[in-house]
Each structure stands twice: as C-alpha cells, then as structure tokens.
Amino acid sequence: MTKILGLTGGIASGKSTADVFFRDKQIPVIDCDQIAHDILNRDEKGYELVLKHFGTSILKSDRSINRSELGQIVFNDKKQLETLNGITHPLIFQEIQAKIALNNMNKNSLVVVDAPVLFESNGQKYCDFTLLIAIPESLQMKRLMLRDHLSERAALKRIRSQMPLSQKEKLADFVINNTGTKQDLKSKLEKLLLNIKGEDLYGMS
Ligand code: ADP
C-alpha cells in the first residue's frame, strides 16, 4: 500500500520548495492547489456548480472563471467562502483520491500530498504522516512579499487569515523549520526520508 505524507505549512513557508526536493527523489507529489485550480477550468465539474451559485458576473469575456474576481468575493465574505469550499472541497477530495489510487496501482511506496489547508480541512486523517514546514512570521512576511510582490499590509492579511502556526505544530507528526538556506531545508528533508525509511515505509517498491 502506498503511504501518504501530508505536507502542509503557511503561505510562503516553503512547501513548493519541498515539492521540488521530493520530485527530484522520484517521489510523486499531488499538488492540491493545482487541483483546486484545475477543477474550475471550463468543462470541469466545479465550473458549472460555481457558476450556478455565483452567477455570470464572475466570468471573463472568454467565459472562463475570473479567479481574482471570485477571490475578491469570497475573501470579503465568510459565508460565500464557506459556500465555495462546500462546492470545491468534495471535488478536490475526489481528485486526490483518484491520484492516490493511481499511485497505489503503480506501486509507489510513498506519495506526498501538498495540502496548504491540510489541518483546516481535517485532511490528516487520510495521511499516514504529516509534515509541517514552519517559519516565523517575520521571515514568512519577507519571503511572501518578495515572491508575490505584496505590500506589508497585504502579506500580513494573507498570513493572518490562515490557521496559526502554533496550532498546526500541535497537529503535525514532523515539523521542519525552514529558517536556514534552501540547502538546509533539503538536508532536513533528506533526514526525514531516512527516518521514514527506517520505519520501513519508504523505498519498498
Ligand atoms: P509555499 O509553497 O509554501 O507558498 P515556497 O516554496 O514558494 O512557499 O517558498 C516561498 C518563497 O521563499 C519562494 O520564493 C522560495 O523560493 C523562497 N524560499 C523557500 N525556502 C527558502 C529558504 N530556505 N531560503 C530562502 N528562500 C526560500
């Protein structure tokens, strides 16, 4: 059976950077953000459902969903965000399950599920292990502002809208602090893999 490592962390904590490491090791990574994006593409299930609730004002002239418009609506209205999550989460979940099943079929011994809202959506119950990439808020601000060209205010708003790090730390099986260089992060991930392998759960295929 494929073992599932749920990977999570706040925005700009280093999840994508960790994904690159895992993929380089030939460990498949299921990217939940990518799935969340894809299910709203035209001809996908989420598209019609979202349109039905939010109306055609969220469409661009080419009839694709205007994601920043949709973001504006839901990030300023908790109820609308709940509705959107109610529509998209089951579809995202189905897609993750399908991808895990495929990896199981292909006899991959370990699969990483990169899920930014893993704990918020109680997704840890579907994982064999969970890994939290942690960084202090000051460094998170710095990296987020640099990566997404955000103002201090906008960066802080995004960070503060997420579950606090202290709460996530209590829920994670493994915590890796990404306060050093990218090479430091790689070394820590390497150690983690050895740790998992030590439990005979990685490298069995
Ligand atoms: P996430 O996927 O969690 O949002 P990223 O992996 O994109 O975060 O990292 C956020 C930003 O910080 C990116 O620009 C990335 O290149 C940079 N970064 C990640 N880890 C480090 C590190 N250890 N040192 C310096 N920059 C880093």
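The values are calculated or read from the model by the stated rules, or taken from the named source; none is laboratory data. Remember, it's a predicted structure, so these values are computed and weren't measured experimentally. Because the Cβ atoms are built from the backbone with ideal geometry, glycine has one as well, and the counts that use them run over all protein chains shown. All accessible areas refer to the heavy atoms of the entire protein, side chains included, with ligands and DNA or RNA removed. Shrake-Rupley method; radii C 1.70, N 1.55, O 1.52, S 1.80 Å.
Note on the stretch 25-43: residues that are polar (S, T, N, Q) and farther than 16 Å from residue 64 by Cβ total 2.
Take residue 55 and decide whether it is crowded, with 19+ Cβ neighbours inside 10 Å and either touching a strand residue (DSSP E or B) at 6+ places or on another chain (Cβ under 6 Å) or at pLDDT 95 or above (or both).
So residue 55 does not fit the description; no.
Here is a yes/no grid of residues against (1) touching a residue at least 12 places away in the same chain (Cβ under 8 Å); (2) within 16 Å of the ligand (Cβ to nearest atom); (3) β-branched (Val, Ile, Thr); (4) closer than 14 Å to residue 133 by Cβ:
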{"residue": "148", "(1), (2), (3), (4)": "yes, yes, no, no"}
{"residue": "158", "(1), (2), (3), (4)": "yes, yes, no, no"}
{"residue": "162", "(1), (2), (3), (4)": "yes, yes, no, yes"}
{"residue": "176", "(1), (2), (3), (4)": "yes, yes, yes, yes"}
{"residue": "179", "(1), (2), (3), (4)": "yes, yes, yes, yes"}
{"residue": "184", "(1), (2), (3), (4)": "no, yes, no, yes"}
{"residue": "189", "(1), (2), (3), (4)": "yes, yes, no, yes"}
{"residue": "194", "(1), (2), (3), (4)": "no, no, no, no"}
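Cβ-Cβ contacts under 7 Å between residues 6 or more apart (or on different chains), taken from a first residue in the stretch 3-15 that is under 12 Å from residue 126 (Cα atoms) to a second residue that is surrounded by fewer than 24 Cβ atoms within 10 Å (Cβ to Cβ) and small (Gly, Ala, Ser), are listed as 3/109; 6/123. Residues of the stretch 1-44 that are among the acidic types (Asp, Glu) and part of a helix (DSSP H, G or I): 19, 24, 33, 38. For residue 12, state whether it is within 15 Å of the ligand (Cβ to nearest atom), over 21 Å from residue 108 (Cα atoms), at pLDDT 95 or above and open to solvent by less than 20 Å² (accessible area, probe 1.4 Å). Against the criterion (within 15 Å of the ligand (Cβ to nearest atom), over 21 Å from residue 108 (Cα atoms), at pLDDT 95 or above and open to solvent by less than 20 Å² (accessible area, probe 1.4 Å)), residue 12 qualifies. Pairs linking a residue in the stretch 16-39 that is free of Cβ contacts under 8 Å to residues at least 60 places away in the same chain to a residue that is in a helix (DSSP H, G or I), with Cβ atoms under 6 Å and 6 or more positions apart or on different chains, are 36/92; 39/46; 39/91. The set of residues from the stretch 45-94 being without any contact (Cβ under 8 Å) to a residue 24 or more places away in the chain and outside any helix (DSSP H, G or I) comprises 55, 59, 60, 61, 62, 63, 64, 66, 76, 77. Of everything in the stretch 104-118 that is touching a strand residue (DSSP E or B) at 6+ places or on another chain (Cβ under 6 Å) and either closer than 17 Å to residue 17 by Cα or free of Cβ contacts under 8 Å to residues at least 12 places away in the same chain (or both), the residue that is nearest to the ligand (Cβ to nearest atom) is 114.
Within the stretch 25-53, the residues that satisfy the criterion of being among the charged types (D, E, K, R) and within 14 Å of the ligand (Cβ to nearest atom) are 31, 33.
So which residues in the stretch 119-145 are touching a Ser or Thr at 6+ places or on another chain (Cβ under 7 Å) and within 12 Å of the ligand (Cβ to nearest atom), if there are any at all? Across the stretch 119-145, the qualifying residues are 132, 133, 134, 135, 139, 140.
For residues that are modelled with pLDDT of 90 or more and either open to solvent by 70 Å² or more (accessible area, probe 1.4 Å) or more than 14 Å from the chain's Cα centre (by Cα) (or both), scanning just the stretch 95-108, find the one that is nearest to residue 41 (Cα to Cα).
Restricting attention to the stretch 95-108, the residues satisfying the condition of being modelled with pLDDT of 90 or more are 95-102.
Add one more test, that the residue is either open to solvent by 70 Å² or more (accessible area, probe 1.4 Å) or more than 14 Å from the chain's Cα centre (by Cα) (or both), and what stays is 95, 97-102.
Values: 95: 14, 97: 19, 98: 18, 99: 18, 100: 22, 101: 23, 102: 22 Å.
Step by step, filter the stretch 95-108, then rank; the result is 95.
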